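Working notes for the structure below.
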Amino acid sequence: MAVKKKPSVGDNGTLIAENRRARYDFAIEETMEAGVSLLGTEVKSLRSGKANIAESYVDVDGSEAWLVNANIPIYEPAAQFNHSPKRGRKLLLKRKEINTLIGETQRKGRTVIPLKMYFNKDGRVKLLIGVAAGKQQHDKRDVQKTRDWQKQKARLLRDRG
């Protein structure tokens, strides 16, 4: 019987959710780690490995940053004490980091998106967020073309070498 191993994030801990589409749709310019303010039932739901951050984004208003539209499903055993699955969650960032995000989002075409959600080595939920600029369709095709060429080149070198 094969044991199903959870994907890891290296030294950072255990991966909960990843926004794999983000690096395809956006050019990531800068990344930073943020804590997430969660309820107990949300943490229990995350420990079971259920979360989706693919359609979510980070909204910076005033002096706070919020994770919007992230789906953390309800924790069934909690019954009446459950949370709302798509509620806004406050991100725990330093004042200087929030000011950086505000400055970056005011530039043309920039947005802040979550890349990965994971438990760090202390068991706390962390979110890797990135400041990104949207890619156009021809940029996506160019990236795909170079990636395919690199794979083909590696195969050729491996076969000849």
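No lab work stands behind these numbers, since they all come straight from the coordinates. Only a predicted model underlies this, so the values are computations on that prediction, with no experimental measurement involved. Cβ sites come from the backbone with ideal geometry, for glycine too, and all protein chains shown count toward neighbours.
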### Query
Each label point is 7 Å from the Cα along the Cα-to-Cβ direction; what then is the distance between the points at GLN152 and THR14, in nm?
4.2
## Note on the structure
Expressed in nanometres to one decimal, the distance between label points 7 Å along Cα→Cβ at ASN69 and ASN82 is 2.3
#### Entry: Sequence of MET117, MET32 once ranked by neighbouring C-beta atoms within 10 Å, starting from the fewest
MET32, MET117
### Size descriptor, Kirkwood hydrodynamic radius, that averages inverse alpha-carbon separations across the stretch 78-151, Å
16.0
### Summary
Residue-ordered couplings for the stretch 54-68, obtained by feeding phi - 60° into the Karplus form 6.51 cos²θ - 1.76 cosθ + 1.60 and rounding to whole Hz (Gly and Pro as x), are 5, 9, 9, 8, 10, 10, 10, 10, x, 10, 9, 10, 10, 8, 10
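How much net charge surrounds TRP66 when only the other residues with a Cβ under 9 Å from the Cβ of TRP66 are counted, with Lys and Arg +1 and Asp and Glu -1?
Details: positive: ARG89, LYS90; negative: ASP59, ASP61, GLU64.
Local net charge: -1.
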## Note on the structure
With Cα springs under 10 Å, the Gaussian network model of the chain assigns the largest mean-square fluctuation among ARG21, ARG110, ARG89 to ARG21
### Task
Kindly express, to the nearest 10 degrees and within the range 0 to 90, the angle between helix 137-160's C-alpha long axis and the longest C-alpha principal axis of the chain.
60
### Summary
Of ARG47, ARG87, ARG95, the most mobile residue in a GNM of the chain (C-alpha springs, cutoff 10 Å) is ARG95
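How large is the helix-only mean residue ellipticity at 222 nm for the chain, computed as the sum of -39500 (n - 2.57) over DSSP H runs with n ≥ 4, divided by its residue count, in deg cm²/dmol to the nearest 500? Can you show the working numbers first?
Numbers: 4 runs with 48 residues, N = 161.
After summing the helix terms and dividing by the residues of the chain, the value is -9500 deg cm²/dmol.
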### Summary
Other residues with Cβ under 14 Å from the Cβ of GLU30 give, with Lys and Arg +1 and Asp and Glu -1, a net charge of 0
### Task
Please state the charge dipole magnitude for the chain, taken about the Cα centre, from unit charges on C-beta atoms (+1 on K and R, -1 on D and E), reported in debye and rounded to the nearest 20.
700
### Query
So what does log10 I(q)/I(0) come out to for the stretch 12-135 at q = 0.16, 0.21 Å⁻¹, using the Debye formula with one equal point on every Cα and no solvent?
-0.75, -1.22
### Message
Through the Karplus equation 6.51 cos²θ - 1.76 cosθ + 1.60, θ set to phi - 60°, convert the phi angles of the stretch 71-84 into ³J(HN,Hα) values in whole Hz; use x for Gly and Pro.
### Response
9, 10, x, 5, 9, 3, x, 6, 6, 6, 9, 6, 9, 7
### the stretch 27-44 - phi-based ³J(HN,Hα) in whole Hz, Karplus 6.51/-1.76/1.60, Gly and Pro as x
9, 7, 9, 8, 10, 8, 9, 10, x, 10, 7, 10, 8, x, 5, 5, 5, 5
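May I ask for the net charge around VAL43, where only other residues with Cβ less than 12 Å from the Cβ of VAL43 are counted and Lys, Arg are +1 while Asp, Glu are -1?
On the way: positive: LYS44, ARG47, LYS50, ARG89, ARG124; negative: GLU42.
Its environment carries a net charge of +4.
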### Query
With r defined as the distance between the Cβ atoms of GLU97 and SER37 and R0 fixed at 22 Å, what FRET efficiency is calculated, to the nearest 0.05?
0.90
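By count of other Cβ within 10 Å, fewest leading, how are LYS94, LYS108, LYS126 ordered? Before the final figure, lay out the partial values.
Values: LYS94 10, LYS108 5, LYS126 20.
Arranged by neighbour count, lowest to highest, LYS94, LYS108, LYS126 become LYS108, LYS94, LYS126.
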## Note on the structure
Between the modelled labels at ALA133 and ARG21 (7 Å from Cα along Cα→Cβ) the distance in nm is 2.3
